[in-house]
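Take a look at the structure set out below.
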Amino acid sequence: QVQLVESGGGLVQAGGSLRLSCAASGRTVSSYVMGWFRQAPGKERDFVARIDWSGTKTYYADSVKGRFTISRDTAKNTVVLQMNSLKPEDTAIYYCAAGQWVATSPTLYPYWGQGTQVTVSS
């Protein structure tokens with residue numbers, strides 16, 4: 001089992017920054033692919049970014065490329081999503097997820113955190 005706890009959400013003005021953290025615990029969590037997803041009201045859960053087990057390979061959704069950065073500290077079992085140049089359309093609940101596949105589909109991530117709200121005002 002893997003347990004994930006997100007933190008760092010909040011309210012920010014457009015153009016601002018937020019840093020989301022995901023604390024992971026459980027056996028062999030360092031071997032999992034870690035991803036961030038987001039879900040706006042009335043919409044599906046969308047892929048945002050992922051990072052492989054080594055922390056060297058990352059992949060981003062086009063909508064956040066160049067603005068968001070995902071990183072992981074394997075020793076601390078923490079994954080961070082640094083979000084810069086935020087836009088109102090980035091408003092959503094952000095979820096941390098863990099899985100064994102290098103994927104963008106949320107169905108391939110069996111472990112999820114409870115989510116953290118990010119609100120960007122215009």
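The values are calculated or read from the model by the stated rules, or taken from the named source; none is laboratory data. Owing to the predicted nature of the structure, the values given are computational and were not obtained by experimental measurement. The area values use the complete protein model at the heavy-atom level, side chains included, leaving out ligands, DNA and RNA. Shrake-Rupley method; radii C 1.70, N 1.55, O 1.52, S 1.80 Å.
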Check your understanding: Averaged per residue, what accessible surface does the chain expose to a 1.4 Å probe, in Å²?
Key -> 53 Å²
Study note, to complete from the structure: Projected convex hull area of the chain, Cα atoms, direction-averaged, in nm², equals 6.7 nm²
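Which whole number in µm²/s is D for the stretch 1-52 by Stokes-Einstein, with the Kirkwood Rh taken over Cα pairs at 4 °C and 1.567 mPa s?
Estimated via Stokes-Einstein, D reaches 99 µm²/s.
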**Study point:** Tyr111 accessible area, assembled protein chains, probe 1.4 Å, Å²
**Key:** 50 Å²
Review point. How large is ³J(HN,Hα), in whole Hz, for each residue of the stretch 87-95 in order, when computed from phi with the Karplus curve 6.51 cos²θ - 1.76 cosθ + 1.60 and θ = phi - 60°, using x for Gly and Pro?
Key: 10, x, 6, 7, 4, 4, 8, 9, 10
Exercise for review: Report the full-extension gain for the segment Ser30 to Val5: residue separation times 0.36 nm, less the Cα-Cα distance, to one decimal in nm.
Suggested key: 7.5 nm
Exercise for review: Beyond 12 Å, what share of the Cα-Cα pairs of the stretch 68-122 is found? Please give it as a whole percent.
Suggested key: 74 percent
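List the relative contact order of the stretch 1-99 as a percent without decimals, with contacts defined as Cα pairs under 8 Å and 6+ residues apart. All intermediate terms of the calculation are to be shown ahead of the outcome.
Values: 198 pairs, mean separation 35.0, N = 99.
About 35 percent, as a whole number.
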**Study point:** Exposure ranking of Ser122, Ser7 by accessible area [1.4 Å probe, largest first]
**Key:** Ser122, Ser7
Check your understanding: Cross-link partners among lysines for Lys43, C-alpha distance below 19 Å, same-chain residues fewer than 8 apart left out?
Key -> Lys87
Practice item. Express the carbon and sulfur contribution to the solvent-accessible surface of the chain as a percent, rounded to the nearest whole number, probe 1.4 angstrom. Key: 50 percent
